[in-house]
Every structure is written in C-alpha cells, then in structure tokens.
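Below: the structure, in structure tokens.
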Amino acid sequence: MIQVRQDEPKYAFLQDKDSKPVNRYGKPIDLQDPKQAEPLKVNDEPTPAKNPNRYKQHGFYFTADNCIACHACEAACSEKNDNPGHIAFRSVGFVEGGTYPDYRRINISMACNHCDDPVCLKGCPTRAYTKYAEYGAVIQDPDICFGCGYCTWVCPYNAPQLDPVKGQVTKCNMCVDRLEVGLKPACVSACLGKALEFGVIENTPEGREQLQTEIPGFPDTSITHPNIRFQQTKTLNRDMRRVDSTPLKYHKDDTVGKYVPTLDPKHGKNKKWGLKTLLASHENAHVIFTLTSQAVMGAFMLLLIAGSLFKLPAITAVQSSSAFVPLLVTMFILMGAGLYKLNMHLGKPHRFYRGFNNLRHSPLSREIAGVSAFFAGLGGYTLLSFFNSNSLVNVLSGLVALLALAGFVAGSYYMYKLYRIKARPFWNHWQTATTFYGSMLSLGGLLIAVVSALFSDDVQAMIPFLSAVIVSGLIIEAIGLFFHRRYLKSGTGEGQAAHYEQTTTFGKTYGLRNLLLAINILAFGVISFTGLSGIGGMIIGLLLALSLVVTAYLGRIIFYALVIPTTMPGAFFWKNKGFVEHARQTGLANMPQLGVVYERHHKFDVKELIQTIRENTLVDMVAHAKNVLTGK
C-alpha cells in the first residue's frame, strides 16, 4: 500500500465531498452499493480503504489554458509505473494555428479516460480488461494479455501501449493504489501549472469554470463516453494544425460549434510509389493470413456448395479428378501457414489459446473461434479424403464439412466485423465486406484452377466456370472500392485524410492496383467465354494468375497501411516519425522534454578511418616513450 508522507501537500489529496447522481451520458455516477460489492484488492490488502467515494466514477480534468508543456505529468507517470523509455501511459503534445505574430498553440495531456463504454474491454479477446466499480477504473492485466494489439486499434485515444519487447499491452491504471489512501494520481500531483485535476466525474474542480467534453483534436465522445472533462477559454485560430506527418487539421465549424477534423494536404499532390513503406509494414502478417484464409475458405465453399450441393459439372469434375486430394492438401497447408504467420505475430505466441476467452464481447475472439472451427473441419475433411468411400467415411465427411461450413459462416463474418472500428474510419465501411468476400471468390477460384492445372490432365471444362467465379469476385470488390472512394472523398476527417494518402503518398501503387484489377476483370471475363488451350493459353493463364495475386496483395497491404486512427495528437507525437522530422527542422528537438534527439553520426571513408587510427597510435607511442625516458 502507498504510504502517505507527512509533508504531502494539500493539493495532492482527493477533495470531493458531493457528487451528482448521473453523468452527462445518463450513466449513474454511483457505480455500486459498497455493501454488496466484492471489493477490489489493491496491493493484496485484506480490507478496502474507507474512501466514501470509492464506488463513484472518477475522471480527469484538463485545463488547456494552464498547460505549459513541461511534461512533468509524463515523467511522474513513467516513474511511478516504472515504464521503459519506449512506453508512455500519458503523453503531452500540441496543435497550433496561425503564423507569426498571430501564432497560437494549445497543449494537450492525454492518458486513458476510463470510459463508461470501454471498447478496449469489449475488443480484447483474452479478457485482460476489467472495469471496476471502484473509482470506475478500467484496469488491464498484462499477464493475461498475449500481445495481439487489437485494443490499440479500437481505442480512439491511443491509451493501451503495446510493448514490443515484452510482447504485451499495458496502460494507465488510474493510480488506484494512490486513490485508496486519498491521493490523486501521480500525474495530477506532479502538474506544475495546475492543468490536470482529478476527482468524481461532473464535479467542477476549484477554480474551474468549464466541464467540456471536447477540445480541438479530441475524437468523437460517442464512441466510448470517456471520463475526461476540459476547460479551454483562450481564443484559438479557426484552423489548428497537427505538427506531425498526419494530413489533418482541426477546423472551427460554426454550425456545430466545435472543431472538426478536416484534410490538411501537407504532402502536395505528387503521386509516389511508397513501396518501401508498404513492404516493410508491420501488418504483413495480417495480409498473409487474410489472403490465404480467404482463398482457402472460398475454394472449400465452392467445392462444398457448387460441387457437393448443386452438382455443377465444372466442380464435380474437380472432385472426381486426380487433383482433388492434392487440392485439399494444398488448402490445408496454405491455411496452416497463414494461421502460423498470424500466431507468430502475437507478442506471446505460446499463449494463443487465450484468444477464445472473450466470445461474449470480442469480434476478434469470435473470429478466432470460427476460423479455428473451419480449419479443424478442413483438416478432418482432408484426412478422410485419403480413405476409400464407405458409409462411415461419408457420414464423418458430412459432419466435418458441416463443422467447416459453420466455421466459415462465423469466421468470415467476424473477420469482417472486427474491422468495423469507429476509431478507424477508413475501415469502418461496408467495402471491407465486399473486399473480403470478393477475395474469397476470386482467390478461391484461382486456387482451384491452379492446382487442377498442375495435377489434372482435363482442366478445359472447368476453366470457363472458374474464370466466371473469379470475375464475379473481382467485380464485387471493384463495386465496393468505387463506393468507398466516393464515400471518403465526400467525407471529412481521418477517412478523407486516408484517401488523400492513398492518392498521393501511395498514388502510383494505388493506380497500379486499380489498373491490374481492371485488366484481370476484362481478361478473366473473356476467358469465361473462350476458355484456355495450348501452350499459349497456359502462359496467359500463368501470367494472369500472378497478376491476380499481385493485385490482391497490393490491395490488402494498402488496406492496412492507409488507415489513420482517430487519436489525440498528444498521444501520437512521441512515436511519430513525421513529428520527429518536424522537430529537427524547426528546433523543437532542442527541448529535451519532447524526447527527440538529433541524428549524431559522422560519415567518413575507410582511408580516413585508417589514417585516424595511425595518428592516434603514433601519438600514444610518443607519449609512452616520453614517460619511460622521464621515469614517470
């Protein structure tokens, strides 16, 4: 338990006496009857503290007018939680507007807001998050976390921090150990300008006038109903800009009476390839998993529905050919490779089984369960294909096929649903579904065609039908992309900024993907009527297969690389390369509290290095000889 010092200043203590019955979202502030509560044990203390407000929702208050960007709150938080240098539960940043001499800046300090509706809790597949009645704190247990990082996707405030060294997520815990003894959180007690306050939510702190729920740059409060209130009375410019690489600014919209995110075209209109960024993306594991799993799911559903159920000649020809067993084995290996790649992407791969822990709330947990069921059904179906057909084998094959079908329905649906994230507007559109299900048809049809061409002598009858399946999948994807583009162009905020990046930073790659998509639609459309024959047809088919795979990969990596989350600038700067470059160019790197250092390296050639070593060696030898002669 935290020990209260005898010289603890008065401002460090909690001072709330009364509270309102409900907050502005209509949620009760009194979270639980303490007589009926199972108390939260802090530091393994046997009895809870006698804090009269222990079961009331607490929250932070930030007065932007007072913040001087000294970063004392950051330092106090990191020291109290013993955080390494690459992790910060609380971050300080700023937005700025105008030009000299009418230049204005608003500083922002941001941590976890311990929301009424914490999306991190609902998203986490391992149930590492708990919202307690005690103080309304949302607490995360890093020992349960297996490092998938999904909570960092869904949180609009960048509060959960994924530690790549330990392979787990950690976050602000509201300093509940300090609250137990009546002390405010460490960040609040350390604030020099009295910009940070803390107490029962909706209570106006001493010397404050406002209890606003938004400030320039703050995401939409309807996503999580955060427990933070703001005061900002100084006049700001109509446009407040981020000083990082994100093409966003915050514009004062008089019709709604607040600042809204809008596009800030920082990079001009020149189109670039951006391939280095795309190919080095940390999300390549998700690209490989989604593409391989969707290809296998699509192929298996074609075999099951078009072949076994509707008895379409083109698919029954595959099932009766010598390519059928190799096809199933190939599908099983591809699916296994994708799952392995995704699992090794976790911070703690050996804890993969914890992904089933939150089936009640998490779409990721449901996707894991569905995909696992599909993989199990596919494995059983593949194994049974090696046995001669008899009544028992047929019954078992039917059962595992039903398991795979159920897994497909659940897995594919929640594979789409887990990307409908309000904090990531670029993904939060039905185009994600058309892309995923379109890929199942196009890549699934391609997978059957390629394996059949390798292991079967008679593929001519099935090529037109499979080409038609591929075309239908590509057209579905193209329709979604068309409406998605129109939606982003006509929208505002992070979605519009993502579209801007798509057409500039990655403009040439984006254009190449669209061109290949159109070529594939036309080419496979023609083949669906004419078929392929001879050596020339095989070469054309191989080139088109490669083209389709490249198209799918480029589209999927762009899908991951372009997403711009709705997050506070203050929680984004400290690990944003764009801000690092800006700080070095403008001199902000001279401020050590920003955590940016200049690059300190000296370039020299090998001859210069050798000459330096020789000179230093000669000086050392002369000095040593002089010491010997003088008797020193």
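The values are calculated or read from the model by the stated rules, or taken from the named source; none is laboratory data. Note that this is a predicted model, so its numbers are computed, not measured. Glycine gets a Cβ as well: all are built from the backbone with ideal geometry, and neighbour counts include every protein chain shown.
Brief remarks on what is shown
- CYS120 satisfies every condition listed in (1) over 21 Å from SER91 (Cα atoms); (2) in contact with a strand residue (DSSP E or B) (Cβ under 6 Å, 6 or more places away or on another chain); (3) surrounded by 24 or more Cβ atoms within 10 Å (Cβ to Cβ) except (1).
- Selection of the range 300-324 for residues being under 38 Å from the mean Cα position of the chain (by Cα) and farther than 16 Å from ALA376 by Cα yields LEU302, LEU303, ILE305, ALA306.
- Just one of the listed residues (ILE421, ILE448) is over 24 Å from THR551 (Cα atoms), of a type in the set (A, V, I, L, M) and either outside the structural domain of GLY336 (by TED's automatic domain parsing) or modelled with pLDDT of 95 or more (or both), and it is ILE421.
- Selection of the range 570-607 for residues being closer than 21 Å to PRO160 by Cα, at pLDDT below 65 and in a helix (DSSP H, G or I) yields GLY570, ALA571, PHE573, TRP574, LYS575.
- The number of residues in the range 15-28 that are surrounded by 15 or more Cβ atoms within 10 Å (Cβ to Cβ), within 27 Å of SER189 (Cβ to Cβ) and at pLDDT 90 or above comes to 1.
- Unmet criterion (only one of (1) within 26 Å of the chain's Cα centre (by Cα); (2) at pLDDT 95 or above) for LEU402: (1)
- The test for being touching a His at 6+ places or on another chain (Cβ under 8 Å) and touching a residue at least 60 places away in the same chain (Cβ under 8 Å) does not hold for LEU466.
- In summary, VAL325 fulfils each of the numbered conditions (1) surrounded by fewer than 18 Cβ atoms within 10 Å (Cβ to Cβ); (2) assigned to a loop (DSSP other than H, G, I, E, B); (3) touching a residue at least 40 places away in the same chain (Cβ under 8 Å); (4) not basic (Lys, Arg) with the single exception of condition (2).
- Of the residues ILE315, ILE288, the single one that is under 15 Å from PHE465 (Cβ atoms), part of a helix (DSSP H, G or I) and not polar (S, T, N, Q) is ILE315.
- Residues that are under 27 Å from ALA159 (Cβ atoms) and assigned to a loop (DSSP other than H, G, I, E, B), drawn from the range 86-105: HIS86, ILE87, ALA88, PHE89, ARG90
- Given (1) under 30 Å from PRO464 (Cβ atoms); (2) surrounded by 16 or more Cβ atoms within 10 Å (Cβ to Cβ), index of the condition LEU522 fails: (2)
Quick grid of which residues meet (1) buried (at least 20 other Cβ atoms within 10 Å of the Cβ); (2) among the β-branched types (Val, Ile, Thr):
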site	(1), (2)
LEU399	no, no
ALA406	no, no
MET415	yes, no
LEU418	yes, no
TRP430	no, no
THR435	yes, yes
ASP457	no, no
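- Contact annotation: no residue pair with Cβ atoms under 7 Å, 6 or more positions apart or on different chains, pairs a residue in the range 495-509 that is within 16 Å of GLY578 (Cα to Cα) and touching a residue at least 12 places away in the same chain (Cβ under 8 Å) with a partner that is part of a helix (DSSP H, G or I) and of a type in the set (Ser, Thr, Tyr).
- Of all residues in the range 344-357, none satisfies being of a type in the set (A, V, I, L, M), surrounded by 20 or more Cβ atoms within 10 Å (Cβ to Cβ) and not in a loop (DSSP other than H, G, I, E, B).
- With respect to (1) buried (at least 18 other Cβ atoms within 10 Å of the Cβ); (2) polar (S, T, N, Q); (3) in a helix (DSSP H, G or I), the lone exception for SER308 is condition (1).
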